[in-house]
1. Per 0.36 nm of contour for each residue apart, how much would the distance between residue 29 and residue 4 grow if the chain were fully extended, relative to their Cα-Cα spacing?
2. Ranked highest first by average number of other Cβ atoms within 10 Å, how do 6-14, 34-42, 20-28 line up?
3. What percent does the relative contact order of the chain come to when contacts are Cα pairs within less than 8 Å and at least six residues apart?
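Computed from the coordinates by the stated procedures, all read-outs in this text should not be read as laboratory data. Since the model is a prediction, treat every value here as computed from it, not as a measurement. Methodologically, a virtual Cβ is constructed for each residue, glycine included, from the backbone with ideal geometry; neighbour enumeration extends over all protein chains shown.
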């Protein structure tokens, strides 16, 4: 598994997870979204 250095990990790629990640990224955080499915969005 590849090591990643990010500020925030969002668990879940549904609408709330994606919105949270977008909000944090707009504030300058480096964000990664982790979901069990290969696509995001709910």
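1. Working: separation 25, 0.36 × 25 = 9.00 nm, distance 1.39 nm.
Roughly 7.6 nm would be gained on extension.
2. Sorting 6-14, 34-42, 20-28 by mean packing, highest first, produces 6-14, 20-28, 34-42.
3. With pairs under 8 Å counted, the relative contact order is 48 percent.
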